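Take this structure, written in C-alpha cells, and hold onto it; I'll ask about it next.
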Amino acid sequence: MPPVVSLVTPSIERIQPYQPGTPIEQVAERLGFAPSDIVKLASNENPLGPSPRGIAAAGRELERVHRYPDSESPALRAAIARHLSVAIEDVVVSNGSNELLELLVRTFCAGGEHVVFGEPSFVVYRLACLAQGVPFSAVPLTPGHVHDLPAMARAITPRTRIVFIANPNNPTGTHVGTAALERFLREVPREVIVVLDEAYCEYADADDYPDGLAYRAIHPRLAVVRTFSKIYGLAGLRVGYAVLPAELAGYIHRVRAPFNVSLVAQAAGTAALGDAEHVRRSRELNLEEKSFVIAGLEQLGLQVTPSQANFVLVDVKRAAGGVYDALLGHGVIVRTVPPLPTAIRVTLGTRPENERFLAALRTVIG
Ligand SMILES: Cc1ncc(COP(=O)(O)O)c(C=O)c1O
C-alpha cells in the first residue's frame, strides 16, 4: 500500500465552502419562473441598484481594459481619504472587503497567532482562519444576539493578534453601542488589532451606533473595514476598503496581489463615493422598508431581532430549511442561518418585493 499523503491540512479539510445566496438564474431555471419574477432577498444587496454615477464611470473605463490598472489604486484611495478626512497612507483597497478580511489574517497571523470573533457572525472570519490554519475562538453572542464584548475580551490570550467585530453584525443585524465599544477598546491589549467590519454602517440609525473612525485615537491598532457592495450597490464589481494605521497598511501591501482592484472597479468606487443622492435614497428606502417588514412579520406573530442593517433576522418558530424551501416555491429567495435552526435572514427590498415576501410567508406559515 502506498503511504496515504494528505493533500491538505486538517484545517482546510474542515472547511465548508462559503454558501452564497442562491442565484436568481438558478432558481428561475429550477422552478420554471422568469428571472424577473424572482424576488432575491438573500445577499443584502441594494434593491435600488448600483450608484448611477458609479456605473457611468465604470462604462467609461471599459475601452481601456486592455491596460492593467494602477496597482496602488491612487485615485480611489485619495477619494476615500478625502471623503473620510484620513491620510491616504491609512487607506487600503481590495477586491471586495472580503479580500481585506482574508488579507488581515494572512498578513498578521502567518505565524499561527490567534483570532477572536463572535458566533454567529460573518462566516468569512472563520473561513480565513481555517484556510491559514490559524487558531480561533468563536465567542457566542448574548441571548439578544449582540456581540458579547466582555466575553470576547476574556477570550484574548497573549497569542491573540486580531479581534473581528462586525458592526452591525451579519447575520443578526444587531450593533454594539458607543459605551460598550469604548469600554472594550480601552481594555484590549494595545498590540491586538481590532477590526471593526462596518459593511452596513451607512444604514445604521441608532443614536448610540458608533462611527468606528472616531475611535482610532482610543486604540492604536484599529482597522475599520467598509465596502462598496451594500449601500453603493457595487457588489458585482467587488471593491472594499480599510482605514487603518499606515504601518499595518504597509504590511498588507506586501501580501496583497498586484492589481487587486480592477480598473473598472476603481473608477466606479471613486465616482460612487461622490453619489450622495444614491446613498440618501438607499438609506431612506431601507428605513421605511425596515418598519414595513417588521410590522408585517409581527402581525404574523413572529419575533424580529432589532436591526441596524439592510436585513432582518426572523425567528420563524419551525425548521428554517422548510420555510426557505417553501418560500423558494413562491419565487422568493431568503437565507437560512445554520447556527440558528429556526431563523431566516431576509434582505429588505423595494415595497413590491417586500409585499411579495410577506404574502408568501403568510401562505407558507399559514
Ligand atoms: C459583515 C460583512 N462584512 C463583509 C462582507 C463582504 O462584502 P464584500 O466582499 O462584498 O465587500 C459582507 C458581505 O455580505 C458582510 O456581511
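Out of Ala320, Ala246, Ala268, any idea which swings most in a Gaussian network model of the chain, alpha carbons joined below 10 Å?
Answer for the Gaussian network model of the chain: Ala246.
Still on this structure, I have one more. Multiply the residue gap between Arg283 and Ala75 by 0.36 nm, knock off their C-alpha separation, and tell me the result in nm, one decimal place. Please report the intermediate quantities before stating the final value.
Working: separation 208, 0.36 × 208 = 74.88 nm, distance 2.58 nm.
Difference between extended and current length: 72.3 nm.
Thr157 to Ile365: extension gain in nm, 0.36 nm per residue of separation minus the Cα-Cα distance? Intermediate results must be reported in sequence, preceding the final value.
Working: separation 208, 0.36 × 208 = 74.88 nm, distance 4.57 nm.
Stretched out fully, the Thr157 to Ile365 stretch lengthens by 70.3 nm.
For a quick check: with amide H placed at 1.01 Å from N, whose amide H comes under 5 Å from Leu141's, ignoring anything fewer than 5 positions away on the same chain?
Here the answer is Glu119, since their amide H atoms fall under 5 Å of that of Leu141.
Under a 5 Å amide H to amide H cut-off, with H placed in plane at 1.01 Å, what residues pair with Gly349 once short-range neighbours are removed?
Answer set, sorted by chain and number: Asn354.
Right, something else. I'd like the Karplus ³J(HN,Hα) series for segment 167-184: coefficients 6.51, -1.76, 1.60, θ = phi - 60°, whole numbers in Hz, and an x wherever there's a Gly or Pro.
Rounded to whole hertz, the list is 9, x, 7, 10, x, 9, x, 6, 10, 9, x, 4, 5, 5, 5, 4, 4, 4.
What is the distance in Å between the Cα centroid of segment 330-366 and that of segment 199-268?
The two parts, judged by their Cα centres, are 29 Å apart.
Another one. Probe of 1.4 angstrom, ligands and nucleic acids ignored: what's the accessible area per residue over the chain, in square angstrom?
For the chain, the per-residue accessible area is 44 Å².
With the full set of protein chains in place, find how many percent of the accessible area of the chain is carbon and sulfur; take the probe as 1.4 Å.
The C+S portion of the solvent-accessible surface of the chain is 55 percent.
Could you quote the convex hull projected area for segment 72-136, Cα atoms only and averaged over all directions, in nm²?
For segment 72-136, averaging the hull's shadow over all directions gives 5.3 nm².
Please give the length that would be gained between Asp211 and Val65 if that part of the chain were fully extended, namely 0.36 nm times their separation in residues minus their C-alpha to C-alpha distance (nm, one decimal).
Gain on stretching Asp211 to Val65: 49.0 nm.
So, one more: Can you give the longest run of the chain that contains no trypsin sites (Lys or Arg not before Pro) sitting in a DSSP loop with at most 16 other Cβ atoms inside 10 Å?
191-316
Further question: Whole-Hz Karplus ³J(HN,Hα) for segment 234-243, in order, using 6.51 cos²θ - 1.76 cosθ + 1.60 and θ = phi - 60°, x for Gly and Pro?
So the Karplus estimates, Gly and Pro as x, are 10, 4, x, 8, 6, 8, x, 7, 10, 10 Hz.
At a Förster distance of 56 Å, what's the computed FRET efficiency of Ala295 paired with Val4, Cβ-Cβ distance as r, to 0.05?
The formula returns an efficiency of 0.45 here.
Rounded, prolate or oblate for the chain? Axes are the square roots of the Cα gyration tensor eigenvalues, ordered a ≥ b ≥ c, and the cut-off for rounded is a/c under 1.5. Can you show the working numbers first?
On the way: a/c = 1.38, a/b = 1.20, b/c = 1.15.
Because its axes are fairly even, with a/c under 1.5, the chain counts as rounded.
What does the charge add up to near Gly59, with Lys and Arg as +1, Asp and Glu as -1, over the other residues with Cβ less than 15 Å from its Cβ? Before the final figure, lay out the partial values.
Values: positive: Arg53, Arg60, Arg64; negative: Glu61, Glu63, Asp275.
For residues surrounding Gly59, the net value is 0.
Another question, then. Out of all DSSP beta bridges in the chain, what portion is antiparallel? Express it as a percent rounded to 5.
45
How much net charge surrounds Leu185 when only other residues with a Cβ under 12 Å from its Cβ are counted (Lys, Arg +1; Asp, Glu -1)? Before the final figure, lay out the partial values.
Details: positive: Arg183, Arg186, Arg190, Arg216, Arg221; negative: Glu182, Glu187.
Taking every Cβ under 12 Å from that of Leu185, the sum is +3.
For every other residue with a beta carbon closer than 14 angstrom to the beta carbon of Gln19, add +1 if it is Lys or Arg and -1 if Asp or Glu, then tell me the sum.
+3
Okay, moving on. Can you work out D for segment 171-233 in µm² s⁻¹ from Stokes-Einstein, where Rh is the Kirkwood radius over C-alpha pairs, the temperature is 20 °C and the viscosity is 1.002 mPa s? Could the numbers behind the result be given before it?
Numbers: Rh = 12.5 Å.
Answer from the Stokes-Einstein relation: 171 µm²/s.
The values are calculated or read from the model by the stated rules, or taken from the named source; none is laboratory data. For clarity, every value in this text was computed on a predicted model and none was experimentally measured. Every residue, glycine among them, receives a Cβ derived from its backbone with ideal geometry; neighbour counts consider all protein chains shown. Side chains included, ligands, DNA and RNA excluded: accessible areas come from the protein's heavy atoms. Shrake-Rupley method; radii C 1.70, N 1.55, O 1.52, S 1.80 Å.
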